[in-house]
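This report refers to the structure that appears directly beneath it.
Just so it is clear, none of the values below were taken in a lab; they were calculated from the coordinates. All values derive from a computational prediction rather than experimental measurement. Positions of Cβ are generated from backbone atoms using ideal geometry, with glycine treated the same way; all protein chains shown enter the neighbour counts.
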Amino acid sequence: MTRSDDLRFRAGDLSLAATLTLPDGEGRLPWALLVPSWLPRNRDGAWDRQRHAGWFAPSGGPTGPPGPLARLADALAECGVASLRYDPRGCGESDGDWEASDLFSRIDDARDAIGAMRSRREFDLRRTAIIGHGEGAAIALSVAIGDPAIGAVGLVGASARSFRDVLRRGVAERSRTGTDLDQPAVAALDRASEELIERADRREAEIALGIGDDGVALALAAWDQAFHTPPLALATMLHRNVVLMHGTADAWADADESRLLDAVLTDAGNEPVLQLVDSAGHDLAGAADEVFAEFADAVVTRMQPRELPPVLVAIEEMGS
């Protein structure tokens, strides 16, 4: 029987809210950290309608459909793997200001989440995975490169090239299909995309956007960092088990982005698995539960025990 516990952890000077999903099982559990995609989102991976209500269209129900990370958490639990997912800074119940945050701070937040989980006795420190969706894929790669104890990496709807190129391609695709343009934040971002790129390239501090009835000062540091941190370059430095999943109708990052990552990871000596989901969009909202189960099974299969650095060996021994 799966259970979920709400908790908070420290991320720098902030406190971030999270949900820990625990499966049945005895002994130390393997576990995964789940990191959400672009724009303000909640811990389930859905648009953040709690703190950014005017940014997104009503969901059509009191809670809306489950986000992709909530579905992944359930699929992992069915495989006997615990998971943590959290509201990013400035979203949901977490402290901070999303509009002022940058990519490198969000990478540090993911590292802090992993650190918090490693202090808990119920987790197996030798069997850990990190799974990122969209922007979260770049975060997952960045964290895994510097953390040898992470055994498997999952990338969902990832980009490969510079986000400058990915953003422009996404704007064109959303203009053609109308995907997500009912969301005020997406429509405002797409209208201002070229100005945003130009200002970020000039290293300006912020851009003023009108999102719904809100006047927003959006810090540009995160965008500049994303433009100069292409996941394709990160993938060349990763020697780990990787599972990729991508919807073929993704209007934020084309499925060719995951194909590129798959090729680069293979060239680097990895043996990645690429799962394409026919006709699914970025959030995989229409995908069957079996799609998430297949992805979770592939990640769990690759969570082989890792050698721990001395500091984690000490933590493991203290928890024995």
- the chain: relative contact order from alpha carbon pairs under 8 Å, six or more residues apart, as a whole percent, is 20 percent
- Message: Under a crude label model (7 Å from the Cα following the beta-carbon direction), how far is Ala208 from Ala285 in nanometres?
- Response: 3.2 nm
- Note on the structure: With label points set 7 Å from each Cα along the Cα-to-Cβ direction at Leu276 and Arg191, the distance between them in nm comes to 3.6 nm
- Note on the structure: Calc'd 3J(HN,Hα), the range 30-43, phi into Karplus 6.51 cos²θ - 1.76 cosθ + 1.60 (θ = phi - 60°), Hz, glycine/Pro = x, comes to x, 8, 9, 9, 10, 10, x, 8, 5, 6, x, 9, 9, 5
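Using R₀ = 30 Å, calculate the FRET efficiency as 1/(1 + (r/R₀)^6) where r is the Cβ-Cβ separation of Glu173 and Asp24; round to 0.05. Before the final figure, lay out each step's value.
On the way: r = 42 Å, r/R0 = 1.41.
Step by step, r from the Cβ atoms, then E = 0.10.
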- GNM on the chain, C-alpha springs below 10 Å: top fluctuator among Leu34, Leu284, Leu308? Leu308
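At a threshold of 8 angstrom on Cα-Cα distance, excluding pairs fewer than six apart, so keeping six or more, what relative contact order does the range 26-128 reach in percent?
Numbers: 139 pairs, mean separation 39.3, N = 103.
With pairs under 8 Å counted, the relative contact order is 38 percent.
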- Query: What is the gain in length, in nm to one decimal, between His239 and Asp267 on full extension, counting 0.36 nm per residue of separation less the C-alpha to C-alpha distance?
  - Reply: 9.0 nm
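By average Cβ neighbour count within 10 Å, what is the ranking of 137-144, 297-304 from highest down?
Details: 137-144: 26.6, 297-304: 18.5.
Ranking the peptides 137-144, 297-304 by packing returns 137-144, 297-304.
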- Message: Tell me the net charge near Arg164. Cut-off is 11 Å between Cβ atoms, Arg164 excluded, with +1 for each Lys or Arg and -1 for each Asp or Glu.
- Response: -2
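Return the calculated 222 nm mean residue ellipticity for the chain, to the nearest 500 deg cm²/dmol, obtained by summing -39500 (n - 2.57) across DSSP H runs with n ≥ 4 and dividing by the residue count.
Values: 11 runs with 117 residues, N = 320.
It lands at -11000 deg cm²/dmol.
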- Residue-ordered couplings for the range 294-302, obtained by feeding phi - 60° into the Karplus form 6.51 cos²θ - 1.76 cosθ + 1.60 and rounding to whole Hz (Gly and Pro as x), are 5, 5, 4, 4, 5, 5, 5, 4, 9
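When only Cα pairs under 8 Å and 6 or more residues apart are kept, what is the percent relative contact order across the range 87-208?
Over the range 87-208, the number comes to 15 percent.
If you take every DSSP beta bridge whose two residues both sit in the chain, what share of them, in percent to the nearest 5, is antiparallel? Kindly include the intermediate steps, with their values, before the conclusion.
Details: 20 of 46 bridges.
Looking only at bridges with both residues in the chain, the antiparallel portion is about 45 percent.
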